[in-house]
Amino acid sequence: MIKPFLAGLVLFCALAAAPVQTEKNATDLNASQTPLEKQISTDSTLHKKKIEQLLTQKEAIDKELLENNIWFKIYSNYHTYKELIHQKKILDDTIKLLEKRKKRSKQEEEELKQTKQESLILSGKLQLLKEYETDPFKKFLMPPKIENVPTVENPLAIISAYSYREKLHSDQIAYESRYESLKYVLENLDKKKKTIEELLVLEPENEKYQNTAKEIDEQIKTFASVMEIFETTKNVYVKKIDEIKLNLKNDIDREINKTIQIGAIILVFFILLFVIKYFVRRYMSDNERFYIINKALNITFVTFLLVILLFAYIENVSYLVTILGFASAGIAIAMKEWFMSLMGWLTIIIGGSVHVGDKVKFVRGNVEYVGDIVDISLLRMTLHEDVSLTSLMQNRRAGRIIFIPNNFIFTDMIANYSHAGLKTVWDGIDFVITFDSNISKAQSIAKEITRKYSKGYTDITRRQLNKLRSSYSIKNTNVEPRIYALIDTYGIKISAWYMTNAFATLTLRSTISVEIISRLQEEEDIFLAFPTQSVYMDKDVRKPLQGAETKTKTERTNNAGS
């Protein structure tokens, strides 16, 4: 029992002492190494760490070039295209070699079939990369196209000039960013070259590093030539842009100064126009004269403005006249109505047949409009419809604004109630009395009443007609009321004509009508006629002798109704 216990204790002590002995042996071994051996061991560790660090740095550069730079992607695609071309050439040579053999083994047939399939696949890939066949960097080396530079010849062109300058600036920034990206590629390639050179120092016999160094030299050579072309192109482009910007700036400044000067002239003239209108409005009570002067001032201002703009912004007026001469025929046909309206406006203004404020009747087809002319523009007259006999009997509407094209003066009927200063017109009232009424008395009553109410208008008309004799051949200047007795269906129609205000005919007509009816109703020997039928039963229907007893109206007129 004691012996096994002692054997286990000895074994445990031996195992416990083994690590201590191992550590002691290692310590003794290290102690036994020479300083040169220790230096070699340390250098080997640092060597491995340095290689790993350089490889990590190379991978980071490769990743940056491939992922974040369009130039290296283009080069990579271009390099891939060249490799595919080389591979396809090898495959095509192999296909030609196999096809030349008259007798091919089964293995060779399979190889030919597979080679053709691979060649077909490569052809598809080459088609996708066709743009990288020649000069793949051309599209990125070419600067943005400079479009036609706008000419600053009017204020509106200033906006387009500023917009064009901003576009040039943005294009220049985009182009310079391409240059910076190409410059960044060369900087990274230089870093990568230095990294590979350090790796070759550490491992000079490594073929992979040697091939990579040759590839980098080729890349640097390619991008250096591209960089040289880019710098030349960029310098020319920047100088061209600077020249255009400077010219645009000068043109914009010149046009702004010109616009300010023209604006100042127009503003001064506008203020003068406003002041003149203010004094005219203040010291002129005649609305018609004020309207004419106001219209003349407006036309003068517009004409002055057009002349200023014409001579300020049209460099070659003769060129404009030539163009308008060639285009006049087409313009006349296409804008016939407008052209005729302009001619109508000239006829109205020069001829003086219609003025603003005149009362006119305009007939178009079967429709008549009577009202006052409130405006005459280049293309149309504006008529304010009045309450008149026409609106009362036909239209049953009044107060509308009617627009009459000026060319209608050549084709339609326009009657002027107040031409050449005339403010009065003839108006008539008709009433019918029976055949056995006292016609002379009815005429006298009508003449008395019309003369009474139209006396003032009669005197005004007489004076106006005397003034017009120097301009018109007016023979009949009798303006006294005229009374006519005419045979009508149901009796004698008395037609009373008198002078009245052209702008208020219905008012006087209403007054005279009421007065005439009142006077006729007071007379026992005057009877108003209307559609009736008289029936006489066993009586003498002959007209009674003069002096016979006058019968009452009830006895003489029977409304039989049948």
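The values are calculated or read from the model by the stated rules, or taken from the named source; none is laboratory data. Source: prediction; values computed, not measured. For neighbour counting, all protein chains shown are included, and Cβ atoms are generated from backbone atoms with ideal geometry for every residue, glycine included.
Quick check on my filter: what residues within the range 393-419 are assigned to a loop (DSSP other than H, G, I, E, B) and not acidic (D, E)?
Taking the range 393-419 as the starting set, the residues that turn out to be assigned to a loop (DSSP other than H, G, I, E, B) are 396-400, 406-407, 412, 417-418.
R396, R397, A398, G399, R400, N406, N407, Y417, S418, listed by residue number.
What single numbered condition from (1) crowded, with 16+ Cβ neighbours inside 10 Å; (2) more than 30 Å from L346 (Cβ to Cβ); (3) under 37 Å from the mean Cα position of the chain (by Cα); (4) not acidic (D, E) fails to hold for G399?
Of the numbered conditions (1) crowded, with 16+ Cβ neighbours inside 10 Å; (2) more than 30 Å from L346 (Cβ to Cβ); (3) under 37 Å from the mean Cα position of the chain (by Cα); (4) not acidic (D, E), the odd one out for G399 is (1).
List the number of the failed condition for K193; all other conditions in (1) in contact (Cβ under 8 Å) with a residue 40 or more places away in the chain; (2) in contact with a helix residue (DSSP H, G or I) (Cβ under 7 Å, 6 or more places away or on another chain) hold.
For K193, the exception is condition (1).
Please work out which residue is nearest to the chain's Cα centre (by Cα), limiting yourself to the range 90-109 and to residues that are among the polar types (S, T, N, Q) and farther than 16 Å from L120 by Cα.
Initially, the range 90-109 is screened for residues among the polar types (S, T, N, Q), giving 94, 105, 107.
After this cut, where a residue has to be farther than 16 Å from L120 by Cα as well, the list is 105, 107.
Details: S105: 78, Q107: 76 Å.
If we take residues in the range 90-109 being among the polar types (S, T, N, Q) and farther than 16 Å from L120 by Cα, then Q107 is nearest to the chain's Cα centre (by Cα).
Which residue is nearest to A504 (Cα to Cα), if the candidates are limited to the range 375-396 and must be out of contact with any helix residue (DSSP H, G or I) (no Cβ under 9 Å at 6 or more places or on another chain) and either hydrophobic (A, V, I, L, M, F, W, C) or modelled with pLDDT of 85 or more (or both)? Spell out the reasoning first.
Quick first cut of the range 375-396, residues out of contact with any helix residue (DSSP H, G or I) (no Cβ under 9 Å at 6 or more places or on another chain) only: 382-384, 386, 390-391, 393-396.
Narrowing further to those that are either hydrophobic (A, V, I, L, M, F, W, C) or modelled with pLDDT of 85 or more (or both): 382-384, 393.
Numbers: T382: 20, L383: 16, H384: 14, M393: 16 Å.
By that ranking, first place goes to H384.
Taking the stated definitions as given, is V432 in contact with a Lys or Arg (Cβ under 6 Å, 6 or more places away or on another chain), of a type in the set (A, V, I, L, M) and within 30 Å of V374 (Cβ to Cβ)? First the steps, then the outcome.
Numbers: in contact with a Lys or Arg (Cβ under 6 Å, 6 or more places away or on another chain): yes; of a type in the set (A, V, I, L, M): yes; within 30 Å of V374 (Cβ to Cβ): no.
For V432, the condition - in contact with a Lys or Arg (Cβ under 6 Å, 6 or more places away or on another chain), of a type in the set (A, V, I, L, M) and within 30 Å of V374 (Cβ to Cβ) - is not met.
Can you find a residue in the range 468-491 that is part of a helix (DSSP H, G or I), over 30 Å from G351 (Cα atoms) and either modelled with pLDDT of 85 or more or under 60 Å from the mean Cα position of the chain (by Cα) (or both)?
Residues of the range 468-491 that are part of a helix (DSSP H, G or I), as a first pass: 468.
From what is left, the residues that are over 30 Å from G351 (Cα atoms) are none.
No, the range 468-491 has no match at all.
Please indicate, with yes or no, whether at least one residue in the range 406-429 is of a type in the set (K, R), closer than 26 Å to K467 by Cβ and surrounded by fewer than 19 Cβ atoms within 10 Å (Cβ to Cβ). Break it down into steps so the answer makes sense when it comes.
Here is the first cut: in the range 406-429, the residues of a type in the set (K, R) are 423.
If we keep only those that are closer than 26 Å to K467 by Cβ too, we end up with 423.
So of that shortlist, the ones also surrounded by fewer than 19 Cβ atoms within 10 Å (Cβ to Cβ) come out as 423.
Scanning the range 406-429 turns up at least one residue that is of a type in the set (K, R), closer than 26 Å to K467 by Cβ and surrounded by fewer than 19 Cβ atoms within 10 Å (Cβ to Cβ).
Tell me yes or no: at least one residue of the range 79-88 is more than 18 Å from I121 (Cβ to Cβ) and surrounded by 15 or more Cβ atoms within 10 Å (Cβ to Cβ). Steps first, answer last, please.
Filtering the range 79-88 for residues more than 18 Å from I121 (Cβ to Cβ) gives 79.
Add one more test, that the residue is surrounded by 15 or more Cβ atoms within 10 Å (Cβ to Cβ), and what stays is 79.
Checking the range 79-88: at least one residue is more than 18 Å from I121 (Cβ to Cβ) and surrounded by 15 or more Cβ atoms within 10 Å (Cβ to Cβ).
Could you pull out the residue among M413, M381 that is aliphatic (A, V, I, L, M) and touching a residue at least 40 places away in the same chain (Cβ under 8 Å)? Give the steps one after another, and end with the answer.
On the way: M381 fails: touching a residue at least 40 places away in the same chain (Cβ under 8 Å).
Answer to the selection: M413.
In the range 475-519, which residues are closer than 15 Å to Q443 by Cβ, of a type in the set (A, V, I, L, M, F, W, C) and out of contact with any Ser or Thr (no Cβ under 9 Å at 6 or more places or on another chain)?
I487, I494
Restricting the first residue to the range 431-453 and requiring it to be outside any helix (DSSP H, G or I), which pairs with a second residue that is modelled with pLDDT of 90 or more and among the β-branched types (V, I, T) meet a Cβ separation below 6 Å and a spacing of at least six or different chains?
Listed by first residue and then by second, the contacts come to F431/I494; I433/I492.
If G124 satisfies all but one of (1) of a type in the set (G, A, S); (2) loosely packed, with under 15 Cβ neighbours inside 10 Å; (3) more than 19 Å from K82 (Cβ to Cβ), what's the number of the condition it fails?
(3)
Answer yes or no: is there a residue in the range 89-102 that is within 29 Å of F140 (Cβ to Cβ), in a helix (DSSP H, G or I) and without any contact (Cβ under 8 Å) to a residue 60 or more places away in the chain.
yes
Hey, E131 hits all of (1) loosely packed, with under 14 Cβ neighbours inside 10 Å; (2) assigned to a helix (DSSP H, G or I); (3) of a type outside the set (F, W, Y) but one; which does it fall short on?
That leaves (1) as the condition not met.
This table checks each residue for (1) surrounded by 18 or more Cβ atoms within 10 Å (Cβ to Cβ); (2) under 29 Å from N294 (Cα atoms).
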position	(1), (2)
V370	yes, yes
V387	no, yes
Q394	no, no
F403	no, yes
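I need a count of the residues in the range 127-137 that are farther than 12 Å from H79 by Cα and touching a residue at least 40 places away in the same chain (Cβ under 8 Å).
1
Quick check: anything in the range 420-430 part of a strand (DSSP E or B), among the acidic types (D, E) and closer than 23 Å to S510 by Cα?
Checking the range 420-430: at least one residue is part of a strand (DSSP E or B), among the acidic types (D, E) and closer than 23 Å to S510 by Cα.
Only residues that are outside any strand (DSSP E or B), within 18 Å of F410 (Cα to Cα) and of a type outside the set (A, V, I, L, M): list them for the range 361-392, please. Full working, then the answer.
Pass one, the range 361-392, residues outside any strand (DSSP E or B): 365-366, 377-379, 386-392.
Restricting the remaining residues to those that are within 18 Å of F410 (Cα to Cα) gives 365-366, 377-379.
Hits for the range 361-392 are G365, N366, S377.
Kindly indicate which of E218, E205, E231 is surrounded by fewer than 15 Cβ atoms within 10 Å (Cβ to Cβ) and under 18 Å from Y179 (Cβ atoms). Let's see the steps before the verdict.
Details: E218 fails: under 18 Å from Y179 (Cβ atoms); E205 fails: under 18 Å from Y179 (Cβ atoms).
Of the residues listed, the single one that is surrounded by fewer than 15 Cβ atoms within 10 Å (Cβ to Cβ) and under 18 Å from Y179 (Cβ atoms) is E231.
I'm checking my understanding of the structure. Among residues of the range 144-168 that are touching a residue at least 24 places away in the same chain (Cβ under 8 Å) and not in a loop (DSSP other than H, G, I, E, B), which one is nearest to the chain's Cα centre (by Cα)?
A157
Restricting attention to the range 273-298, and to residues there that are without any contact (Cβ under 8 Å) to a residue 60 or more places away in the chain, surrounded by 12 or more Cβ atoms within 10 Å (Cβ to Cβ) and among the aliphatic types (A, V, I, L, M), which single residue is nearest to D358 (Cα to Cα)?
Of everything passing the filter in the range 273-298, I293 is nearest to D358 (Cα to Cα).
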